[in-house]
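This report concerns only the one structure given below.
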Amino acid sequence: MTIAPTETIAAIHNTPHQLVFEFAGAGSLALYWLHSVPGSSRTVLEATDRYAAASLADLIGHTPKTFVSTETARAMAEAAYSRAMRLTDGATPCLGVACTATIATDRAKRGSHRCSVAVYDGTMVRTFDLILAKGARDRAGEERLISLVIVRAIASACGVAAPDLALQPSETLEVQESLHADPLTLLLRGDVACVFVGIDGRAYLEGTPPVALLSGSFNPLHAGHEQLAQAAATLLGAPVTFELPVLNADKPPLGYAELKRRLDQFRGRYPVVLSRAPLFVQKASLFPGCTFVIGYDTAIRIIDPRYYDGALERDAAFAAIAAQGCSFLVAGRVKDGVFRTLADIRLPSSLHPLFRELPERLFRVDLSSTAIRNAYGL
C-alpha cells in the first residue's frame, strides 16, 4: 500500500517552509508523495538521491565512518539547509531534510535494517532513528515506512500533525532534538556581531581573535589581496586575517547566497572573519588591539570629515579606535597614474600615531577588483 499521507503533506505545502531533500538508500517514495499532492512547488526546492558513496561524501565534505547514522544524517541535513538558503537567499523559512538508510535488497544483509532521518531549520536539528523489524516487510514496505518517517520529520519542523507509523512491537523510533544555530543565519539576522570561518569553510561563533585584519568586499578575491596580506604579515610579524563585512556603508547588505559565493573563494586557502561592522570604529570595538591593513584610497576616505558630519565627529571616532589599541597599516596604490603612499596624505597631527606605511619594496600590485570585474564582465 503506497497511499500518500495526503492531509499531512497538504498541510506542509500550506506553510511557508521550503526545503532541500537529500537521501541515500531510501526516501524516493517520500519525494513522490510530496510531488503527488498539489502545491509541492511551494515546498520542494531541490532533491538529490545520494546513492553512490562518493556522492554522499561529496555532499558532506568527507567520507563518514558510518553511512547510516545520526551523525551522517545531521551532516546531510545541514548541507541541505545551506543549499536551501542559497536557493532562496534566506527570503523564506528553510529546511534541510536528509535520510540515510539500509533496507531489504536482493541479497541477505547481516546488519539491521534501519534509517536515520534529520531535519534542520537553522536553529534546531531533529533526528529520527528507526530500527526496522527485519523480515517483517518487503523492500517496498520498508521504503514506505521510512518515507512516512521523513514526512513526519518535515511535519514536525513545519508545526503540522504527523501521520501514524504503525510500528511493529519490536521496532523502535528514537527522536531527539538539539539546538544547533547556523552561524551565518545568526549573523545575517543580526543576532551576533561576528563569525569565524575556518579554512575548511565551516563557520563558528567563536575563534582566535585576529591580530591584523585586511577588510574588503572580495568581489572577487584576487592576487593583490593575497600579496597585500602576505606583505603586511611580513612587516608585522603576525598573520593577517581577511575580514568580509556583510554590511557596507556604501553598498547593499550581502544576502546568504552572495555571502556563500564569496566565502567559497577562501575555502581550502584562508580563514575569514565575517562581521556586521562596516565602519572601522565598529571593527575596533569588535577586535581590540588589531592592526587594520588598508589601501591609500581607503585611508583618504576614512580621514575625510565629510564621512563623519564634521572634523569633531571624525576625531572622536579615531579617538575611540585609539582607545581600543587599534592602528592602520597603509599600502600604496596607483592614483591618476602615480603610485601614491601614506606620505602623500595630509594627515591631521592627532592622527599621525595611528598610521604606518607599508613600504613599496614590500608591496606594489597595480590591480583592483573593479578592473577585474570590468575585464571579465562580472
**OP:** Specify which residue in the list Y120, T48, P16 is farthest towards the positive end of the charge dipole of the chain, using unit charges on the beta carbon of Lys, Arg (+1) and Asp, Glu (-1), about the Cα centre.
**Re:** T48
Original post:
If we restrict to alpha carbons, what Rg and Dmax does the stretch 6-180 come to, in Å?
Top reply: 15.0, 47
Subject >> Degrees between helix 139-158 axis and first principal axis of the chain (Cα, 0 to 90, nearest 10) >> reply: 50
**OP:** Springs between alpha-carbon atoms under 10 Å, Gaussian network over the chain: tell me which of T123, T105, T185 tops the mean-square fluctuations.
**Re:** T105
Subject >> Per principal axis, descending, Cα span of the stretch 185-376 in whole Å >> reply: 43, 36, 33
Subject >> Exposure proxy ranking, count of Cβ atoms within 10 Å, fewest first, for S36, S82 >> reply: S36, S82
Original post:
Pairing the Cα long axis of helix 223-236 with the longest principal axis of the chain, what angle in degrees results, from 0 to 90 and rounded to the nearest 10?
Top reply: 60
Subject >> CD proxy at 222 nm, helix term only [per DSSP H run n ≥ 4: -39500 (n - 2.57); per residue of the chain; nearest 500] >> reply: -10500 deg cm²/dmol
Original post:
So how far apart, in nm, are the two label points at F339 and D297 if each is 7 Å from Cα heading toward Cβ?
Top reply: 1.8
Subject >> Distant alpha-carbon pairs in the stretch 275-335 (separation over 14 angstrom), percent >> reply: 57
**OP:** Give the order of M85, M76, M124 when sorted by the count of other beta carbons within 10 angstrom, beginning with the fewest.
**Re:** M124, M85, M76
Original post:
If each of A54 and A223 carries a label point 7 Å out from its Cα toward its Cβ, how far apart are those two points in nm?
Top reply: 3.3
Subject >> Computed label-point distance, nm, for sites E7 and S28 using a 7 Å Cα→Cβ extension >> reply: 3.0
**OP:** Would you please give the FRET efficiency between D304 and R261, computed as 1/(1 + (r/R0)^6) with r the Cβ-Cβ distance and R0 = 25 Å, to the nearest 0.05?
**Re:** 0.20
Original post:
Looking at the chain, which longest stretch skips every one of the trypsin sites (Lys or Arg not before Pro) that is in a DSSP loop with at most 13 other Cβ atoms within 10 Å, leaving the sites themselves out?
Top reply: 111-201
**OP:** Would you give the gap between the C-alpha center of the stretch 159-192 and the C-alpha center of the stretch 62-120, rounded to a whole Å?
**Re:** 12
Subject >> log₁₀ of I(q)/I(0) at q = 0.07, 0.09 Å⁻¹ - the chain, Debye sum with one point per alpha carbon >> reply: -0.43, -0.64
Subject >> Ranked F196, F21, criterion: other C-beta atoms within 10 Å, fewest first >> reply: F196, F21
Original post:
In the stretch 179-271, which GluC sites (Glu not before Pro) are in a loop and have at most 15 other Cβ atoms within 10 Å, using DSSP for the loop call?
Top reply: E206
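Just so you know, all these numbers are worked out from the coordinates, no wet-lab data involved. Predicted model only: the values in this text are computed from it and were never measured. Quick reminder, even Gly has a Cβ in these numbers, built from the backbone with ideal geometry, and neighbours come from all protein chains shown.
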